[in-house]
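Here the structure is laid out as structure tokens; the discussion comes afterwards.
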Amino acid sequence: MAPERGPASPPVPVSRRTVAVPFAAGWAGRAPLTWSQQYYLAELDAARPHGRSLAITRLYPLRAGVREEEATAALRELVERYESLRSRVTRTTPPGQQVHRHGSLWVTAHDLAAPAAAHEVHAAAEAVLADLARVPFDVAEEWPLRAALIGVGGQPRFLALAFSHVAVDAFALLPVGAFLTDRCAQADPVARTAPGSAAEGLQPRELAGAEASETASRTARRALRHAERALRRMPAAPAGTGPSGAGERFRFLRRRSAALDLAVGAVAARTGESPASVLTAAVLATDAARTGERYGAVQLISANRLRPETVGAVVPCSQPVLCCVDTRDASFAELVRRTASASLRAYAAGPCPPAALAELRATIEKERGVRLDGSPTLNYRPRATSLPVREAGAEELRRAAADAETAWVDSAMLWQSAHYLSADVDESGVRLLLQVDTDVRTPRWAERWLADLEDLLRAAATDATATRTPARPG
């Protein structure tokens with residue numbers, strides 16, 4: 001795997017102007033927030049004091065010859081079609097949302113002086129995209145979408161979009177990407193395979209209405225029963241180290257490793273389970289080795305996109321679900337199988353109304369006399385292509401070990417978790433990003449935790465009887 005390229009410096013000078021894109025849509029009015037929107041609003045409010053935007057960004061290369069008027073017309077139609085992109089949060093009790101019929105989306109148009117090489121234009125577009133996401137969204141006062149066009153000599157080359165997580169999740173951008181590629185974009189930059197029809201799905205108010213039905217209430221009660229079993233078994237939250245007192249409280253450690261890619265695929269091939277189950281089991285085993293607890297628990301980010309009415313919806317449908325697994329007396333291969341079964345049960349139980357889940361957790365914390373939190377969390381994000389699943393020998397793993405990179409980076413995302421692991425996975429490999437709260441975990445802990453995770457997977461790839469890796473000191 002080739003090393004990642006550093007960012008190119010954007011060319012100068014760059015002129016900038018603002019373009020108004022008025023819209024006039026159909027339904028308008030007040031509506032409740034969906035369960036998923038409630039979850040993301042709480043995360044956004046927690047991240048705001050730390051200067052994090054929780055913005056999802058996309059950079060769409062435009063087709064040759066697309067004019068500014070065509071790109072802005074596509075944006076107008078996009079906002080008119082999807083209510084979540086023309087809604088603002090109402091800070092009532094409980095919070096809701098106001099869908100607007102009329103308004104204007106303000107688009108910044110950046111023009112580079114000609115001539116400009118392709119890599120220079122791309123670097124400038126990346127810089128503009130980062131700037132769009134830099135400031136946290138005020139979801140009560142602004143649209144949950146920021147847009148910019150980047151071009152040369154009056155000809156737009158890129159469309160940069162930043163979305164608030166209260167309006168969309170990553171899966172919600174599948175129909176957005178499909179729409180824009182139909183109208184003006186060359187391709188969706190992070191296209192994934194949608195598990196169903198791309199037909200238009202529910203609007204947020206319609207989904208919130210469905211969640212208020214008796215059928216959804218029964219589903220919620222089932223999900224809460226599942227969550228209760230997990231909460232009664234999961235380990236207590238770590239006591240923490242106290243305020244770190246130096247630098248950023250939340251730090252982000254990025255890791256990619258050719259040996260890790262091979263190991264995950266090899267264990268998946270041997271067990272017959274998915275790479276997602278393999279990586280989840282590794283998270284559970286790594287934590288269990290450090291805590292000595294019988295049960296391991298992890299929050300899994302679940303995207304409820306299997307129903308035809310949600311697969312094409314532009315509204316967040318993803319929420320964490322609690323997965324609790326008995327790690328006692330299990331080889332790693334057996335733990336992978338247990339994890340696969342437990343994950344399916346968690347996904348089948350589904351997410352809970354956030355307020356009800358918080359109330360349940362508080363009750364169980366009082367009964368158990370411990371503090372519980374959402375630590376750790378795994379957000380497994382597969383792309384359109386999948387990780388190769390095949391056996392790998394010890395010598396191949398040894399050679400691959402030299403092809404690895406670890407670096408402390410910055411991130412617009414910040415979650416309420418002592419450690420939160422994001423995994424972007426495709427045929428090129430697994431790219432990990434570990435968030436740690438340094439009031440709870442030290443940076444050195446994060447480095448050793450990722451090393452233990454990889455050591456365990458590499459051992460399991462060549463030894464079917466491998467168990468969890470002993471924790472390193474610290």
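The values are calculated or read from the model by the stated rules, or taken from the named source; none is laboratory data. In this text the structure is predicted, and so the values were computed from the model without any measurement. Here Cβ is always computed from backbone atoms with ideal geometry, including for glycine, and neighbour counts include all displayed protein chains. For the accessible areas, the whole protein counts, side chains as well, though only heavy atoms, and no ligand, DNA or RNA atoms are used. Shrake-Rupley method; radii C 1.70, N 1.55, O 1.52, S 1.80 Å.
Are any residues in the stretch 344-374 open to solvent by 20 Å² or more (accessible area, probe 1.4 Å) and in a loop (DSSP other than H, G, I, E, B), and if so, which ones?
Just the residues of the stretch 344-374 that are open to solvent by 20 Å² or more (accessible area, probe 1.4 Å), to begin with: 344-345, 347-348, 351, 353-363, 365-371, 373.
Selection gives 351, 353, 369, 370, 371, 373.
Name the helices (runs of 4 or more DSSP H) wholly within the stretch 212-329 that hold at least 1 residues that are free of Cβ contacts under 8 Å to residues at least 12 places away in the same chain?
Values: elements: 214-233, 258-271, 275-291, 308-311.
Hits in the stretch 212-329: 214-233.
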Filtering the stretch 431-450 for residues that are open to solvent by 30 Å² or more (accessible area, probe 1.4 Å) and either assigned to a strand (DSSP E or B) or without any contact (Cβ under 8 Å) to a residue 40 or more places away in the chain (or both) leaves a count of 4
Which condition breaks for residue 53 when tested against (1) open to solvent by 60 Å² or more (accessible area, probe 1.4 Å); (2) modelled with pLDDT under 95; (3) hydroxyl-bearing (Ser, Thr, Tyr)? (1)
Only one of (1) among the small types (Gly, Ala, Ser); (2) farther than 29 Å from residue 115 by Cα; (3) open to solvent by 10 Å² or more (accessible area, probe 1.4 Å) is not met by residue 227, so which one is it? (3)
Report the residue count in the stretch 140-157 for those that are within 18 Å of residue 44 (Cβ to Cβ), outside any strand (DSSP E or B) and not acidic (Asp, Glu). 3
Here is a list of conditions, (1) at pLDDT 90 or above; (2) surrounded by fewer than 22 Cβ atoms within 10 Å (Cβ to Cβ); (3) of a type in the set (Ser, Thr, Tyr); (4) over 30 Å from residue 350 (Cβ atoms), and residue 257 meets all of them except one; can you say which number that is? (2)
Restricting to the stretch 101-130, name every residue that is over 15 Å from residue 61 (Cα atoms), in contact with a Pro (Cβ under 7 Å, 6 or more places away or on another chain) and modelled with pLDDT under 95. 112, 113, 116
The condition of being part of a helix (DSSP H, G or I) and farther than 18 Å from residue 33 by Cα holds, among 127, 160, only for 127
Return a yes/no flag: does the stretch 152-174 have any residue that is open to solvent by less than 10 Å² (accessible area, probe 1.4 Å) and either in contact with a His (Cβ under 7 Å, 6 or more places away or on another chain) or of a type in the set (Asp, Glu) (or both). yes
Any chance you could count how many residues in the stretch 401-412 are closer than 20 Å to residue 290 by Cβ and assigned to a loop (DSSP other than H, G, I, E, B)? 0
Among the residues that make up the stretch 179-189, is at least one of them of a type in the set (Asp, Glu) and more than 22 Å from the chain's Cα centre (by Cα)? yes
Index of the failed condition, residue 409 passing every other in (1) in contact with a strand residue (DSSP E or B) (Cβ under 9 Å, 6 or more places away or on another chain); (2) surrounded by 13 or more Cβ atoms within 10 Å (Cβ to Cβ); (3) aliphatic (A, V, I, L, M): (2)
Let me spell it out: the conditions are (1) charged (D, E, K, R); (2) modelled with pLDDT of 90 or more; (3) closer than 19 Å to residue 327 by Cα, and residue 448 meets all of them except one. Which number is the exception? (3)
Regarding the stretch 127-138, can at least one residue be identified that is more than 24 Å from the chain's Cα centre (by Cα), of a type outside the set (Asp, Glu) and surrounded by fewer than 22 Cβ atoms within 10 Å (Cβ to Cβ)? no
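Per-residue answers, yes or no, for (1) at pLDDT below 90; (2) open to solvent by less than 10 Å² (accessible area, probe 1.4 Å):
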| position | (1), (2) |
| --- | --- |
| 274 | no, no |
| 284 | no, yes |
| 288 | no, yes |
| 291 | yes, no |
| 300 | no, yes |
| 313 | yes, yes |
| 322 | no, no |
| 331 | no, no |
| 334 | no, no |
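Can you give me the number of residues within the stretch 413-430 that are part of a loop (DSSP other than H, G, I, E, B) and open to solvent by less than 40 Å² (accessible area, probe 1.4 Å)?
As a first pass, look at the stretch 413-430 and keep what is part of a loop (DSSP other than H, G, I, E, B): 413-418, 427-428.
When the remaining residues are screened for being open to solvent by less than 40 Å² (accessible area, probe 1.4 Å), the result is 414-415, 417-418.
Here the count works out to 4.
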